[in-house]
Amino acid sequence: MHKILIEDIEFEPNKTLHYSFDDCIEELNCNLKAELDLKSIGGFVEVTGSAKGKMNLTCDRCLNEFEYNLDIDIEETYAKQSLQEEYGQELELKRGQFITDLNGEDEIDIYDLLYQSVILSLPNKKVCGINCNEGMFVSDEDIKVHDDRMDVFKTIKIERKD
């Protein structure tokens, strides 16, 4: 479906293929638009670009659904041949050296790349907004301040918008 043959990248000028993605990641119920450049460099293919979209998440505090904007920078490197064959032993990876091993496959699955990029970009704590307080709103009676410096908070009014 959204797979790019490495051979196709090799035949492009400068061994760089531009790929546009505008589709739904069905497993995440997310519409995504991405602009990617796939560049063949020796035994590797570098994929760079960006993706934007929207998806619905459930707030971890109040359990209400909210719309989340995705804005993802994509930088992925694929090894054309199996790295295990080349190195054959454990190798310590340093920052910026994470490489996806294609294990001899002749194509890159863009759909899978974007799926993983979306998953990794989601926040650990999904909160609908800065004012979310687990569905509870602070009332005047709830504010019990014994410190004079905190008196200013007694006058704060929070309007509930339903």
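The values are calculated or read from the model by the stated rules, or taken from the named source; none is laboratory data. It should be emphasised that the depicted structure is a prediction, and the values quoted were computed from it without experimental measurement. We place every Cβ from the backbone using ideal geometry, glycine too, and count neighbours over all the protein chains shown.
Per-structure values
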read-out: So Asn131, is it exposed (fewer than 14 other Cβ atoms within 10 Å of the Cβ), at pLDDT 90 or above and under 30 Å from Asn31 (Cα atoms); value: no
read-out: Subset of the range 108-125 (residues that are under 11 Å from the mean Cα position of the chain (by Cα) and part of a helix (DSSP H, G or I)); value: Leu113, Leu114, Tyr115, Gln116, Ser117, Val118, Ile119, Leu120, Ser121
read-out: Residue in the range 7-64 that is surrounded by the fewest Cβ atoms within 10 Å (Cβ to Cβ), counting only those that are of a type in the set (Gly, Ala, Ser) and in contact with a helix residue (DSSP H, G or I) (Cβ under 9 Å, 6 or more places away or on another chain); value: Gly43
